[in-house]
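Reading through the C-alpha cells given below for one structure.
The values are calculated or read from the model by the stated rules, or taken from the named source; none is laboratory data. From a predicted model like this one, the values you see are computed outputs, not experimental measurements. So basically every Cβ, Gly included, is an ideal-geometry build from the backbone, and we count neighbours across all protein chains shown.
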Amino acid sequence: MKQKVRFGMVGGGTGAFIGNVHRMAAALDGELELVCGAFSSDPEKSRTSGAILGLPENRVYPDFETMIRTEKALPEAERMQALSIVTPNHVHFAPAKLALENGFHVICDKPLAFNLEEAEILEKLVDSTGLVFALTHNYTGYPMVKQARRMIREGEIGSIRKVVVEYPQGWLSTFLEESGQKQAAWRTDPSKSGIAGAMGDIGTHAENLAEYITGLRITALCADISIFVPGRKLDDDGNVLLRFNNGAKGILHASQIAAGEENNLNIRVYGEKGGLEWRQMEPNTLLVKWLDQATQVYRTGVGNLYPETLAHFRIPAGHPEGYLEAFANIYRNFAICVRAHQDGKTPDPVFADFPSVSDGVRGMRFIERVIESGKSDQKWLTF
C-alpha cells in the first residue's frame, strides 16, 4: 500500500494565513500527512496550534531546532520525511539548512531566503545532498500555465520576442502596517522581509512565471522602484524592463498600491507567429492569438491538451479549479518525487515539474538586482 509522505511544519500557527493554505494544499490529494510541527516562535502558541490540528503533544515542538533533531532520532518509520517552511522570509534559511543537513526533504514558501548569499548556500546543500527541494511559486501549478509552457517549448507561436507580465494588488494603498495588521506588518519590515517589499513579495512571482512559461532566462534588467505611501520602509511599486537570453525584451510591473486591484497576475507572451495570454483571476482559460487567424480559447479539461496539462486538473471541464488546486499540484508533485527518491527511482518528468532551489536563487538575484538598479543611476544591470 502506498504510504503518505510524513511532513512537519515550521510556522503557520493560529491566525497565520499561509500556513492554512499550505495544509489544505498538502491534504487535497491524500499524498502527505502532517505529523509534527513547530508552529510559532512562541512555544505556548505552537502547543495550542498543534492541539487544534489534532497532533499528539510529543510531536509539537517549541522551536524548529528541537523538532528537527528530535524527529531525526525517531525510528525511520515514524519520523517526518520532509519539512514545510511557511514562515516570514527571515526564517526560511535556518530551518531549511538544518533540515537538509539532517536528511529531510524541504518544501519552502517563497522567496527562498532573506538574501542571495543564503539562497546560494541552500542551492549548494541541495546539490550535495540530492534531497528534494520545492519552492511554492504556486502559480506554476495551474494547468493552463503548463499548457502555455509546453506550447512555447513546441514552437507553436514561434521564437519569443516580447514578454509582458504584471502583478498589481491594491491592499497596501494605505499605511496599513501602522494598524498592526500582521501580514502588512512583516511584509513591509526590512528586518523580516529583506531589502524588497512589493518586488520581493509579488515581483518574484511575476519573474518566476515569465521564466517558467517561456523557458527563457532574464539576462539584464532596468528598474524604477518607488515608495508611494508616506512612512513605508520598503518599495510598494516597481516597473522593470527585461532582456532575455534569446534576445527577447520584456516588461514587468508589480504594485501593491494599485487601488482596487486584487491579485491580478497576468502574462502575455508574443512570438513570431502568435501570442499567449493567461490571467490568474480567470485561470482555466488560455488565449492563443494568431497573426493570420482567429483567436483560440483553450479551456482546462477541453480538447487536445498536452499531458502535463491533463495531469494537473482533477474535475470535469466547467467546474472551476483555482488557487488551492494549483498550490496542491506543487505539494502532490513534491510528494511523488520524495517517494521516488526514497525508492531509488526517477520520477515521471510530468510530476517532477515544480519550482526548485535554483529557481529560488534566481528569484533572490532578481530582487537584489531590481533594488540595486532602482537605487542607481546606472540603470541596466546584468542578471
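Quick check on my filter: what residues within the range 100-109 are surrounded by fewer than 22 Cβ atoms within 10 Å (Cβ to Cβ) and closer than 16 Å to Lys192 by Cβ?
Within the range 100-109, no residue meets the criteria.
I'd like the full set of residues that are closer than 19 Å to Leu276 by Cβ and buried (at least 18 other Cβ atoms within 10 Å of the Cβ), limited to the range 214-259.
Of everything in the range 214-259, those that are closer than 19 Å to Leu276 by Cβ and buried (at least 18 other Cβ atoms within 10 Å of the Cβ) turn out to be Thr214, Leu216, Ile218, Leu242, Phe244, Ala248, Gly250, Leu252.
I'd like to check which helices (runs of 4 or more DSSP H) are fully inside the range 175-252 and have at least 3 residues that are touching a strand residue (DSSP E or B) at 6+ places or on another chain (Cβ under 7 Å) and at pLDDT 95 or above.
204-214
Tell me which of these Ala51 doesn't satisfy, since it passes every other one: (1) surrounded by fewer than 21 Cβ atoms within 10 Å (Cβ to Cβ); (2) in contact with a strand residue (DSSP E or B) (Cβ under 6 Å, 6 or more places away or on another chain).
Exception for Ala51: condition (2).
List the strands (runs of 3 or more DSSP E) that sit entirely inside the range 99-168 and contain at least 2 residues that are touching a Phe, Trp or Tyr at 6+ places or on another chain (Cβ under 7 Å) and closer than 22 Å to Val5 by Cα. Before the answer, list the steps.
Values: elements: 105-108, 133-135, 160-168.
Where strands (runs of 3 or more DSSP E) fall fully within the range 99-168 and carry at least 2 residues being touching a Phe, Trp or Tyr at 6+ places or on another chain (Cβ under 7 Å) and closer than 22 Å to Val5 by Cα, they are 105-108.
Name every residue in the range 140-166 that is touching a Lys or Arg at 6+ places or on another chain (Cβ under 7 Å) and not basic (Lys, Arg), in order of residue number.
Listed by number, the residues that qualify are Ile157, Gly158, Val164.
Any idea which residue in the range 54-93 is surrounded by the fewest Cβ atoms within 10 Å (Cβ to Cβ), counting only those that are assigned to a helix (DSSP H, G or I) and of a type in the set (Asp, Glu)?
The qualifying residue surrounded by the fewest Cβ atoms within 10 Å (Cβ to Cβ) is Glu57.
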